[in-house]
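The next block holds one structure in the form of structure tokens; read it before the comments.
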Amino acid sequence: MTIQEMIDPADYRSLSELVYDRIGIALGPSRQSMVSSRIAKRLRATQTTTVRAYLDLVKADKQGEELMHLLDAITTNTTSFFREPAAFAALDEDVRARLSSGQRQFRIWSAAASTGMEAYTIAMLLAENGATARDCAILATDISTRALAACRAGTYTAEALAPVPPKMLARWFAREGDGMRIHASLRALVTANRLNLVKPPYPMRGPFDAIFCRNVMIYFDLPVRQRLVSACLALLRPGGLFLIGAAESLYGLDHPLSTVRPSVYRR
Amino acid sequence: MVIRIRTRIAVLGIISAAVVALLAGSVWCAFQRITVLSPLALEHQADLRLVTALAPQPALTSEICLLAHQYRDATPDQRRLLQDRSITMLAEFKASWDRMIEAAPNHDQRDQRSLALDKGGEVFSLVAAYLATIDAAPANAAPVPAPGTAPTLAPAASALQAIDQAVADERALIDQVGATTNALLTLRESQMRSQVEETGSSLLTESLICIGIIVASNWLVGSSIVRHIGRAAGRLRSGTDQVATAAVEVSAGAQRIAQGASEQAASLEQTTAALEELSSSCSQNAANARQANVLATEASKTSQSGERTARKAAADAAAKLKELGEAITAIRTSYDKTTQVVASIDDIAIQINLLALNAAVEAARAGEAGLGFAVVADEVRNLAARSTEEAKSTAALIKEARANTERVQTVSASVQEHLVHALDREVVGSFQQMVGVVLKVSRLAGEVANASDEQAKGIFQINQAVAKMDKVTQENAAGAEEAAASSEEMQSHAQELTLVVTALQALLSGGQSALEAAPSVLRKPLAVSVAETTRPNHSAPASPSPILALPPCQRTVTPSRNGHAITQAERQLKPSQVIPLTDEEAADHQGDFSRF
Ligand SMILES: C[S@@+](CC[C@H](N)C(=O)[O-])C[C@H]1O[C@@H](n2cnc3c(N)ncnc32)[C@H](O)[C@@H]1O
């Protein structure tokens, strides 16, 4: 039995509908093998044999526990420290400029934080510029509870830490168990909360000095993107930075931003 | 080498500027030709001035003539006034004369004018002379008769006549000058008009030429620019086409990788599942084997103890059987004895029979010999004694056999009883065999348990390795997935770019309206072929609508991502319908957001 045969087309459709409905991720037919491989674990864990039975289970679970697991399985949490470094260079430049003009308080939002590498990269950058948890706060949000748990733990493997410059690694990480754990002072800068980007309004007041919304829009279609971008920009202060993934663009979207450099925009 | 567009535009600018300057120059020249400063115009103006200057002359001469006529009859006061007036008139005449001289541009006129002037001068000198004559005449002298009435009456009258004559001449001369000048004016005017017309038409042709030059140079430079941009756009086009194709390739590749990684992850997942099953069955085995071991050990123990009881039972049985055997031996012995007894009885009986037969025969034969009868009778008596003895012993033997048989009966009953318990002799043997087997089983089970433990350890390690492999593969698959999504995004950018370039080309070649020609990929749903090219082959091509495998959202709002036809019913759906706002909303956002 090949994996594809595991899913009945009608079941795949209702699964895709559920996922799109909950988190806006559009699963096309080309995603079927990915979906099957990812939910196979859940099927085994829940001892269900068909996707339909599993979906029934998800729907029957009023606590939403299994839905959470399903979303954990469906989301792609790829991330890394200093991913697409130009974005962090732009932020660094902006932060320095604001610091020299006397700004002390910073609020930065990593909107699809995954396991927190982006948020901690920002944290290191702020800390290197002398930020403390008293003045600065980084909000890391994601839909995946598993990813958020990893973010809160702040422990990463050596491979994951490869992109961190040795100096920073030495300064901000300490060996713990098999991996390295980020300093408590940096963990204090980061708040990891669950937030569904496709379900505005968001519970924050804003405004943020910068919003990282990277490599998540690639999973959304245009209407969802528009909603997301509008809701994010409402929380961005004028002059604040809005950063998207290198492969992404704001083509076809309505927005008041000006381009600073590719993937970096200013309100 | 392509000359820079900017240079071309600069050249175009320079040409245009030069042409415009040229045009401006010729306009200026033409203007010069027809303005007040042109010689013709100057002459014309001089003529006009001449005419103006000439204008007061007839009035002046008439007035001076009149003054001369009034002078003789005037009172001295009046004469003074008239004299003053004649002086002013002379001055006016002179001024007019000066203006005329000034205005006279050509000789003819000048000659005519000097004639007129001379005549005018003559009139004035005549008048002056006449006035002087009158002044010199006595006051009571006869008044000068009215001019023309009695010219010959006095010299004064003749002087007046001369004045009249001179004035008439002067007038004629002035009229002549006026006529000449007017003729000249008319001539010049027509000359000027024709010059203006000429200039106008030459200006027209010049400006037409200029416009032609500008248009031509514009067209030349413009078309060369367009050609170059067109060429660049062509190259751009092939570049973007290549990029778009490559993007499709990359996207398809990424999708294949993602799919491969997913399948790998899936089969690994299956492996994990299988291994887990194996390890659980293995540990189950081990547990079973251990259990078997324990059971076998126990069984061997119990069966050893069972053996013991069995042995005892067997011993008992054996004893019983021995007893039985003894009993049977006894039975057999007694039976043998009985048989011997029976045989001897038989023998005896036969002998008795024979003897008896012989005795009878003998006795019969011995009638006479009766003596033999006695011997046989003796013999029979011995035999009878022996028979009695034998009978006695046989009876005893039979009694004993009966007793033995009775014993066998009881023993076999008890053996049976025992063997119901400890089975019969055979079963005891197989029981003992079984005990042996059980022991072997126990030992084997122990070995199996150990092996299973080892195996379970191995499987655990394999499991760990597979789990690690699974993690890595999952990460790989996720990375590939992300790459696939990104490359799809890039693909749509590449398509957008292609459309923009197409629009540029259309713009350059003057085809259809460029923007209509290139609607945005992202603005408008566009069929992307990736889904087609990389759609998992399980979705049979025969399947009438691949849309079945799509979530409705995609069918509704983003066919762009996987590009399929939109059905009518679905088109009517709105995102808000697809994403209903529910009570679960609160669960979407969790945590303390107070700092933000
Ligand atoms: C590929 S990661 C991006 C990580 C990080 N921003 C970066 O660029 O390295 C995308 C993340 O978006 C999250 N995500 C997907 N749909 C979401 C939604 N509707 N609301 C919030 N997060 C979502 C996934 O859980 C995943 O962790």
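The values are calculated or read from the model by the stated rules, or taken from the named source; none is laboratory data. Bear in mind the structure is a predicted one, so any value in this text is a computation, not a measurement. Cβ sites come from the backbone with ideal geometry, for glycine too, and all protein chains shown count toward neighbours. Accessible surface is based on the protein model in full, side chains and every heavy atom, while ligands, DNA and RNA are left aside. Shrake-Rupley method; radii C 1.70, N 1.55, O 1.52, S 1.80 Å.
A few remarks follow.
- When region A:197-218 is filtered for residues that are in contact with a Phe, Trp or Tyr (Cβ under 9 Å, 6 or more places away or on another chain) and either near the ligand (Cβ under 9 Å from one of its atoms) or charged (D, E, K, R) (or both), the ones remaining, listed by number, are A:197, A:198, A:205, A:209, A:212, A:213.
- Residue within region A:63-70 that is facing another protein chain (nearest Cβ under 7 Å), buried (at least 18 other Cβ atoms within 10 Å of the Cβ), within 19 Å of residue A:144 (Cα to Cα) and within 14 Å of the ligand (Cβ to nearest atom) present: no
- Test: residue A:119 is surrounded by 19 or more Cβ atoms within 10 Å (Cβ to Cβ), among the aliphatic types (A, V, I, L, M) and not assigned by TED's automatic domain parsing to the domain that holds residue A:17: yes
- Whichever residue in region A:122-150 is assigned to a helix (DSSP H, G or I) and among the charged types (D, E, K, R) and, among such residues, is least open to solvent (accessible area, probe 1.4 Å): A:128
- The conditions of being closer than 30 Å to residue A:41 by Cα, within 11 Å of the ligand (Cβ to nearest atom), touching a helix residue (DSSP H, G or I) at 6+ places or on another chain (Cβ under 8 Å) and within 12 Å of chain B (Cβ to nearest Cβ) are not met by residue A:119.
- Meets criteria (more than 7 Å from every other protein chain (Cβ to nearest Cβ), away from the ligand (no atom under 16 Å from the Cβ) and crowded, with 21+ Cβ neighbours inside 10 Å) for residue A:240: yes
- When the criteria are applied in full, residue A:245 fails the requirement of being open to solvent by 20 Å² or more (accessible area, probe 1.4 Å) and closer than 26 Å to residue A:20 by Cα.
- Against the conditions (1) within 22 Å of residue A:97 (Cα to Cα); (2) crowded, with 22+ Cβ neighbours inside 10 Å; (3) away from chain B (no Cβ under 13 Å); (4) of a type in the set (A, V, I, L, M, F, W, C), residue A:164 satisfies every one except (1).
- Tally, over region A:72-114, of residues that are within 13 Å of the ligand (Cβ to nearest atom), within 11 Å of another protein chain (Cβ to nearest Cβ) and closer than 22 Å to residue B:593 by Cα: 3
- Output for region A:24-35, where each listed residue is touching a helix residue (DSSP H, G or I) at 6+ places or on another chain (Cβ under 6 Å) and either within 11 Å of the ligand (Cβ to nearest atom) or more than 7 Å from chain B (Cβ to nearest Cβ) (or both): A:24, A:25, A:26
- Of everything in region A:248-267 that is facing another protein chain (nearest Cβ under 8 Å) and open to solvent by less than 40 Å² (accessible area, probe 1.4 Å), the residue that is farthest from the chain's Cα centre (by Cα) is A:252.
- Screening residue A:124 against (1) within 16 Å of the ligand (Cβ to nearest atom); (2) closer than 16 Å to residue A:208 by Cα; (3) more than 14 Å from chain B (Cβ to nearest Cβ); (4) not hydroxyl-bearing (Ser, Thr, Tyr) leaves a single unmet condition, (2).
- Hits in region B:12-64 - residues which are touching a helix residue (DSSP H, G or I) at 6+ places or on another chain (Cβ under 8 Å) and over 30 Å from residue B:194 (Cβ atoms): B:12, B:15, B:16, B:56, B:57, B:58, B:60, B:61, B:62, B:63, B:64
- With respect to the stated conditions, residue A:15 fails to be over 20 Å from the mean Cα position of the chain (by Cα), more than 16 Å from the ligand (Cβ to nearest atom) and more than 8 Å from chain B (Cβ to nearest Cβ).
- The one condition from (1) over 24 Å from residue A:16 (Cα atoms); (2) away from every other protein chain (no Cβ under 12 Å) that residue A:213 does not meet is (1).
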